[in-house]
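Taking it in order: structure first as C-alpha cells, then the write-up.
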4 protein chains.
Amino acid sequence: MREINVAMIGEGFMGRTHSNAWSQVKKFFKLTAQPVMHTSCSRNAESSRTFADHWGWKNSSTDWRATVASPDIELVDVVTPNNMHAEVCLAALAAGKHVACEKPIAGTLAEAKKMVDAAKASKAKTFVWYNYRRCPAVAFAHRLVKDGALGEIRHVRAFYLQDWADDSIPLIWRFQKEGAGTGSHGDLNAHIIDMTRFVTGEEITEISGAIAETFIKQRKIVAGSTAGGIAAGVGSGDQTGPVTVDDAVLFLARFSGGAVASYEAARQATGNQNRNGFEINGSKGAIKFDFERMNELQYYDATRPRAVQGWTTIMCTHGGDHPYTENWWPDAHVLGYEHGFVNQAYDILRVLDGQEPVVPIPDFVDAYQTQRVLEAALISAVERRPVALSDVK
Amino acid sequence: MREINVAMIGEGFMGRTHSNAWSQVKKFFKLTAQPVMHTSCSRNAESSRTFADHWGWKNSSTDWRATVASPDIELVDVVTPNNMHAEVCLAALAAGKHVACEKPIAGTLAEAKKMVDAAKASKAKTFVWYNYRRCPAVAFAHRLVKDGALGEIRHVRAFYLQDWADDSIPLIWRFQKEGAGTGSHGDLNAHIIDMTRFVTGEEITEISGAIAETFIKQRKIVAGSTAGGIAAGVGSGDQTGPVTVDDAVLFLARFSGGAVASYEAARQATGNQNRNGFEINGSKGAIKFDFERMNELQYYDATRPRAVQGWTTIMCTHGGDHPYTENWWPDAHVLGYEHGFVNQAYDILRVLDGQEPVVPIPDFVDAYQTQRVLEAALISAVERRPVALSDVK
Amino acid sequence: MREINVAMIGEGFMGRTHSNAWSQVKKFFKLTAQPVMHTSCSRNAESSRTFADHWGWKNSSTDWRATVASPDIELVDVVTPNNMHAEVCLAALAAGKHVACEKPIAGTLAEAKKMVDAAKASKAKTFVWYNYRRCPAVAFAHRLVKDGALGEIRHVRAFYLQDWADDSIPLIWRFQKEGAGTGSHGDLNAHIIDMTRFVTGEEITEISGAIAETFIKQRKIVAGSTAGGIAAGVGSGDQTGPVTVDDAVLFLARFSGGAVASYEAARQATGNQNRNGFEINGSKGAIKFDFERMNELQYYDATRPRAVQGWTTIMCTHGGDHPYTENWWPDAHVLGYEHGFVNQAYDILRVLDGQEPVVPIPDFVDAYQTQRVLEAALISAVERRPVALSDVK
Amino acid sequence: MREINVAMIGEGFMGRTHSNAWSQVKKFFKLTAQPVMHTSCSRNAESSRTFADHWGWKNSSTDWRATVASPDIELVDVVTPNNMHAEVCLAALAAGKHVACEKPIAGTLAEAKKMVDAAKASKAKTFVWYNYRRCPAVAFAHRLVKDGALGEIRHVRAFYLQDWADDSIPLIWRFQKEGAGTGSHGDLNAHIIDMTRFVTGEEITEISGAIAETFIKQRKIVAGSTAGGIAAGVGSGDQTGPVTVDDAVLFLARFSGGAVASYEAARQATGNQNRNGFEINGSKGAIKFDFERMNELQYYDATRPRAVQGWTTIMCTHGGDHPYTENWWPDAHVLGYEHGFVNQAYDILRVLDGQEPVVPIPDFVDAYQTQRVLEAALISAVERRPVALSDVK
C-alpha cells in the first residue's frame, strides 16, 4: 500500500489531537494510502524527543526548516501558534509539500493572502483543520442542506460560548494581542463561520454591525509567563497587566442567498463550557446543532403533515446513513471530540490518494474566505459601521 | 339553546377544577347544549354557600340526596371522597340522572361493580373524569395509535412519580386506609392504567408480578385531623400513628395484543413533582409523554428513512391538527393542567346532546376495567404471584 | 369589598385574553378590590353585544368616548389596534381614569411620548400589558437577578421566533405598515425588550447595529380584506400587493451595566412556533427561558462546587416559592399562556387598592423606554449605523 | 518502568475495543506500569495474524492454551464468546496469570461459581469488563451516592433499551440459546444490574416478579451461518428457524437498603438505539443517567432551597472534578463509547501495580453477584414467582 510520510510542526494541545488522529485513522478506517508518522518537530530537543516517543512519531527534530524541506516528507502538518502558520506553510509549499494547517490559517489577513497565492501557484494540496465539519452530525447537516431539505435559507444563528475566562485566570498568552492576534474571535468565531459556510453552502456578503468587548480589562501577571506558551499558573503578587484582546465578539451578517445571520463568540458566557453550534431556518425545514451534544442533530421537516411536525433529535451514529460512522462503533455507541480529527485525517489521505473526501475539506482558498469574514467583523466593530465583504481582500 | 342543569356533589381540589371547567367551557367552546351551574352541595351550609358564590353556582345545598333527586337537575357531577362515590352515583342513577364521577370510580371493586350494574340498567349516561385523556397530546397519541402509526405494540412503560410525601408530612387522610383506600396506587396508578388503556386501545390481561411498599411507616398525628379533610398542618408533639397505605406500587403486566408492560406509582420519587406519563414502543414507531411537559408528545416514526429517524417533539397546540386546541390560543401558546377538565366538560356536553366526543370518554363500564387492574395488582403484591385479569371480577 | 368598574375598549384576540383574565382573577386570587366587568366596547353594535354576553361584561357599547368618560368607570382597559392606543388612552386619562393598555403602548414614538406626558400630569395609574413578565418563571428570574444570583451581567441573548408567515399567508393587515406600524419588530421584539429590561433591571444604552428584512415581498391580496381586521382567508386570483413591514429584525445592543446583547424577532424561523425567550449570563450565574416551556426556568449557579455545577431546570410551580403559583394548582400541575394575563389583572387590582404588585408592572413611563429601544433599532437598521438611546426621545 | 505483558484471547467487536484500550491508555494516562500488547490469539491463523498486525499486538497465536500458559504473559484478557469464558479463565488462573474477562463472566452460573472458587484460591487478580462503570458520569454518580448525596435510597429504575432486532434480522447466533445463553437478558440486563449495584453500593435481595418475552419467534435462516460468528447477511429463501432466547426481560426487585426497583432489557424498543441507564431516588436527592448522552449526569439536590431545586444537567467533563477526565480533553470536549474501556485499562494497570483503582472494578467475586441476579430473574420469569437471592448460589 502507498505510504505517506507525515511531519508535524508544533506540539501542544493540537499536537496531541493530530498525533492521535494519525495513529487512530490506521486502526478504524480502510485506507488505500497509509500515513507514516515520520517526524515531529518542536523547539526544545528533549521535549521534542519525549513527545515523539510518546505519540509514536518515528523521529523528532528541532529544525522545522530542515524537516519541511526533507525529501522524506510528503505531507507537512502545522500545529504551531497562529503567528507562525504562514512562515511554515510557505516554506513547505515552496518545498513542494502538501500542507495541512490548523485553523485559523494565519495570524493576519495579509499572511493568509500570501498563503493562498502560494497554494494557487503550487501543485501541492492544502488542507485546514476546521475539525468540526467532521463531526458526523455536522457533516450530515451539510448533506441535508445540499439535498435541499431546508429549501431557501433565511436565518442563521451561530454561537460558540465558553466560560473559562473568569477573573481567576491570569494574563496568559491568550489574552495578549502579540501572541493570540484576537481573543474569542479568532479562537471561536473562526469555527462557527467555517461551519455555517460549510453547512449552508453559501458565503457571507456583509457584516451589518458588530460589537467587540473586553469585560476583564486587567489580569494578574504570571511569573515567568511568555507569550506563545500556555501559562496555567496563578498570578504572583498583585501585579496586573492589560488584556489586549476581546472577551466577546458579536456580529450580524447577510448571506449570499438572502439569509440574515447573527454570530457570537464569548469566554465568560457562564454556564456554557463549549457550546459551539448553530441554528439554520429555511423555507422547507430547519436544523440545530450544539457540540456539547455532538452526536445529535435537531431537524425540523416542515414538509411533513402538520400534525406530526416537530424537532427531531437524530442520533447521527448510524453506519451507512451518517457520514464516517460506519468506521466506528455500533449505533448510538457515541463518538467524542477527537473523532472529528481522525475523520479529517482519513479525508486528507483520501484526497492525497486521488479520491473525493467524504465531505468537502477547506483548503487555503476556502479558509481564506473565513479569514476575510473575521477581518470584516473586526473592522465593523472598531469602525462602527457595516462592512461589505467585497471590500475586504 | 338547550340547557343542562348540573349539580356538583362535593368540594375540595376537584370541586374547584370542575367548577372552573363548567364555567370556562362556555367561553371557549362552541356549544350546542349549554351547562347551567345549578347547585353545588357539601356538608357545611356556610362553606357550601361560600363555595357556590365564589365559583358561580346558582344554588348551594347541604342535602346531596335531595339535590340528586331534584327534578331540576339533569347531570350530577361527583367530586366527593372516593368512599362516597358509589352511594352518590347509585342514588343519582336511581333518580334517572346522568352522572359524571371523579376517578377512581369507587373505593372498592365491589362498589364499582354495583355502579356498573346500575349504569347498565339505566338509560342515563355515565362519565368518569380521567382528565389526562384530554390533554391534547394524550388525545393525539390515542389517534396516532388508532391510525396504526405504531404498528404492533410491544412495550408499555407507565409511571406516575411524585415526591411530596417526605417525612415532614403528617398523618393526613391520604395515609390512612379508611379514608383513602390505597395510597399512590389508587391516586396515581389509576391514571396511568386508564391512559395506557386509552392510548393503546388494548386491555391488560395479566399482572405478572407486583411490589407495594410503605417507606415511612409512622407519621406525626395532626391535632384535629379527621379523615375526609386534607389536613395540611404539622404534627403536634411527638405522637405518631401508623401509615396504612402504600407509598409506592410497581407492577409488571401483559396486554391483550402481546405487549409487556411496567407501571410505577410513587410519592417519594425525589425530583419528580408530577411526572405522569408513558412510553409505548411498537413495530412501526413509538411515543412518549410526560405531563410535566404536557403540551409535547414525543414521536418516533420508524417508517421514515433511517438517516432522519429520531424522536420528534411535537408541540400539540396546532388548531385543527391536535384535538381541542382550535378552541384555545394560537399555536404554541401553551395550555395547562386545568384545560383537560374543560375539554372533558365539552365532551360530556357533546355526548349529552347526542354527538360523539372528540376522543372516547370512559363510562362506568370502561372505568371498571381500570379498577379491576388496580385490584389485580394489589392482589399480586400481597399474594406474591401473577394474577390473571379474568380471575378478578 | 371595594369594587372597581372596568371598561374594555376593543375586542379580538386580546379582548378574549383580557376578558378571561378579569373573570378568572376573581376565582383564583384573594382580592381586596373586586373587578366588575362593567362595559365592553367595540364598533359594531351586534358584535359588541354578543361579545359582552359571551364573556360576561354587563354592558356593551359602540361609543368608546362615552364609555371612557362615564362616571361609572374607574379603569379603562385598551385592546384596540395599536394605532388607536394613544387616542383612547389620552381620552381616558383626561377623564381621570386609570388605564391599562395593551403593548406596545403606541403606534409611533411621538404618540407614546404624549401618553407619557399625560400620565405624568395625571393622578391616575397606568399599566401596560407586557404579560410575559407574569409567567411565574419570568417573575422568578427577575427576583433571582435582583437578589444578586447572577452577579455582574455580561451577556443577554433575546429571541422571539415564530414561523407562521410562510408564503401561503395572504396580505393581511399584519403585513401592511398603515395598520401594523411594523412587522415582527413591534409585535415580537417589543416583548423581549421589555422582558430583558425587567429581568436584568438595566436599560439598553445603545443599538450597535441592526438588520431589518422582508423575505416575502409580495403576498396575495385577500378579497374584502381591510386593514384593522385580521383576514384569514386565502388570496383570490393571482393579484398580489407589496408587504410594507419587516419579516425579521435583528439588533445588537449594550446595557447600562456593561452587558452586550443580541435580539431577534422573526416570523419565518421555521420550527419555532412561539419561541419567546432569553439567555442571560452573569459573573456568578446564568438563566435561560423559553416560553414554549413556560413553566421552566433554567438556572446555572456558578457559586456551587464545580463538580455539581450544571443547568438546573426549575419547575416554577411551587406555591410560596415561585410568584403567583400559590393561587393556582398543586406543584407541577402546569400553567399555560392565559395565566400571565390573570396574574397581571391581580397585580393591577393590587396597585389600584394601594398595594405593591407581586413584581413590577410597566406603567407608561416604563413602557416608553421599550418603545424608544424599538425606535432606535429601526433607525439603526435603516440608517446602517449605531444609535445611542440618549438620542432617541 | 515496569512492563506488563498482555495476551488477548478472542477477537470480534470486543477484541477491537480492548485492543484500542491497551493502545490508547499509554498515550492519555500517566502510567507507572506499562502494558505491552504481547500476543493476540484466535482460531484462524491468517485472521489472527491480520488482527494482531492491525491493532498492534506483537505476536499472534491460534493456541490459546499455550498462550495463557506462556511464562511471557502476566495478564490474560478474555474476549471470547461467553460460553468459553470459564475454560479460558480457569486455565489462565491455573497458570497463575491475572485475568481480565469480558462480561458476563460466564455462560452459566455453575461456570461462574467455578471461576469464583478458582479466583479465591489464586493470588492472581481478576477483573471483569463492566465498562460502563467507567463512563465519567457513572463513576461520578458512584461517588455522589457514596458521599451521601442521595440519603436513603428508595427507588431504582434501570433500563437498557435497543431496537435493532426487527424482523428483517435473520437467525444469527444472538437469537440461539446454544451460542448466546440468553438474549437481551445477559447482553443488556447484565450491564444495568452491575451499574446499579455499583452506583447504589447495595445488593439486590429479591426478584419480586419477572417477564421474559420473545416477540419474533421465527427468523430466516442465514446461509452458511454458524453459531459463534455474527452473521450479518439476509436470510436465504423462505426457510426459518426458531428463536430460542428472549427479546425482552423485565423484572421487579428489592435492594438490601430497602429500595424497590425495576429493570428492563429490550431489543425491539423502537426509538431507543442504546438507551442504557438508570434513575435513582433517595431521601435527599436523585440522579439519572442515559448512555446516549453519556457525558451528562442529571442530579436533583433536594437539600437546596426549594425555590431553586430542579434537575441539574452536569456535564461530567471537568478535569479534577469528574473521574478520569483530567486525562482527556478540555472541559465539554466530550468523550465517547470507547473511553470507558481505556479508563478501565488504566485502572487494571493501577491495581496490578499495587494502587487503588479510581473507582472499584468488579472482580470475579463481585461479577458473580450480578450473575446470580441474572439467574434469579430468569427463574422468576419461568417459574412465575418471587425468588430470594439467598436461594440462588
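The table below gives the values:
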{"read-out": "Any hit, region B:338-348, residues being touching a His at 6+ places or on another chain (Cβ under 6 Å), under 26 Å from C:Tyr132 (Cα atoms) and surrounded by fewer than 24 Cβ atoms within 10 Å (Cβ to Cβ)", "value": "no"}
{"read-out": "Of residues in region C:376-387 being within 11 Å of chain A (Cβ to nearest Cβ) and surrounded by fewer than 19 Cβ atoms within 10 Å (Cβ to Cβ), the one nearest to A:Glu206 (Cα to Cα)", "value": "C:Arg384"}
{"read-out": "Matching residues, region B:229-257, being surrounded by 16 or more Cβ atoms within 10 Å (Cβ to Cβ) and at pLDDT below 95", "value": "B:Ala231, B:Gly235"}
{"read-out": "Residue list for region B:152-179, filter: surrounded by 20 or more Cβ atoms within 10 Å (Cβ to Cβ), over 16 Å from the mean Cα position of the chain (by Cα) and among the small types (Gly, Ala, Ser)", "value": "B:Ala165, B:Gly179"}
{"read-out": "Residues (surrounded by fewer than 20 Cβ atoms within 10 Å (Cβ to Cβ) and over 9 Å from C:Tyr368 (Cα atoms)) located in region C:112-123", "value": "C:Lys114, C:Asp117, C:Lys120, C:Ala121, C:Ser122, C:Lys123"}
{"read-out": "Counted residues, region D:309-323 - those being in contact with an Asp or Glu (Cβ under 9 Å, 6 or more places away or on another chain) and surrounded by 19 or more Cβ atoms within 10 Å (Cβ to Cβ)", "value": "9"}
{"read-out": "Unmet requirement for D:Leu250, which otherwise passes all of (1) aliphatic (A, V, I, L, M); (2) facing another protein chain (nearest Cβ under 7 Å); (3) in contact with a Cys (Cβ under 6 Å, 6 or more places away or on another chain)", "value": "(3)"}
{"read-out": "Only one of C:Ser122, C:Ser184 that is of a type in the set (Ser, Thr, Tyr), modelled with pLDDT of 95 or more and more than 25 Å from C:Val365 (Cβ to Cβ)", "value": "C:Ser184"}
{"read-out": "Filter result for the condition that a residue is surrounded by 24 or more Cβ atoms within 10 Å (Cβ to Cβ), within 19 Å of C:Arg197 (Cα to Cα) and not charged (D, E, K, R), over C:Ala106, C:Ala149, C:Ala92", "value": "C:Ala106"}
{"read-out": "Test set (1) within 14 Å of chain C (Cβ to nearest Cβ); (2) farther than 30 Å from A:Lys26 by Cβ - A:Thr244 fails condition number", "value": "(1)"}
{"read-out": "Residue in region C:334-351 that is farther than 30 Å from B:Gly271 by Cβ, in contact (Cβ under 8 Å) with a residue 60 or more places away in the chain and touching a strand residue (DSSP E or B) at 6+ places or on another chain (Cβ under 6 Å) present", "value": "yes"}
{"read-out": "Evaluation of A:Trp329 against (1) aromatic (Phe, Trp, Tyr); (2) more than 8 Å from chain D (Cβ to nearest Cβ); (3) farther than 26 Å from A:Glu102 by Cα (one fails), failing number", "value": "(2)"}
{"read-out": "Which listed residue is more than 14 Å from chain B (Cβ to nearest Cβ) and either within 28 Å of B:Ser19 (Cβ to Cβ) or of a type in the set (D, E, K, R) (or both), from C:Asn44, C:Asn59, C:Asn20, C:Asn83", "value": "C:Asn59"}
{"read-out": "Residue ID - farthest from A:Glu202 (Cα to Cα), chosen from residues in region A:264-293 that are in a strand (DSSP E or B) and more than 9 Å from chain C (Cβ to nearest Cβ)", "value": "A:Arg275"}
{"read-out": "Lone qualifier among A:Ala52, A:Ala33 - being of a type in the set (Gly, Ala, Ser) and touching a Ser or Thr at 6+ places or on another chain (Cβ under 7 Å)", "value": "A:Ala52"}
{"read-out": "Residue among C:Leu378, C:Leu335 that is at pLDDT 95 or above and in the same structural domain as C:Glu213 (by TED's automatic domain parsing)", "value": "C:Leu378"}
{"read-out": "Residue within region A:24-38 that is away from chain D (no Cβ under 13 Å), farther than 29 Å from D:Asn20 by Cβ and under 24 Å from the mean Cα position of the chain (by Cα) present", "value": "no"}
{"read-out": "Condition met for C:Thr182 (hydroxyl-bearing (Ser, Thr, Tyr), in contact with a helix residue (DSSP H, G or I) (Cβ under 9 Å, 6 or more places away or on another chain), in contact (Cβ under 8 Å) with a residue 40 or more places away in the chain and surrounded by 22 or more Cβ atoms within 10 Å (Cβ to Cβ))", "value": "yes"}
{"read-out": "Whichever residue in region B:299-313 is in a strand (DSSP E or B) and more than 8 Å from chain D (Cβ to nearest Cβ) and, among such residues, is farthest from D:Asn274 (Cα to Cα)", "value": "B:Thr313"}
{"read-out": "Yes/no for A:Gly201 being away from every other protein chain (no Cβ under 14 Å) and modelled with pLDDT under 95", "value": "no"}
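Listed here are the residues, each with its yes/no results for (1) touching a Gly at 6+ places or on another chain (Cβ under 8 Å); (2) away from every other protein chain (no Cβ under 14 Å); (3) outside any strand (DSSP E or B).
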| residue | (1), (2), (3) |
| --- | --- |
| A:Gly319 | no, no, yes |
| A:Val334 | yes, no, yes |
| A:Gly340 | no, no, yes |
| A:Gln344 | no, yes, yes |
| A:Ile348 | no, yes, yes |
| A:Pro362 | no, yes, yes |
| A:Val365 | no, yes, yes |
| A:Tyr368 | no, yes, yes |
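The values are calculated or read from the model by the stated rules, or taken from the named source; none is laboratory data. Every value quoted in this text rests on a predicted model; they were computed, and no experiment measured them. So basically every Cβ, Gly included, is an ideal-geometry build from the backbone, and we count neighbours across all protein chains shown.
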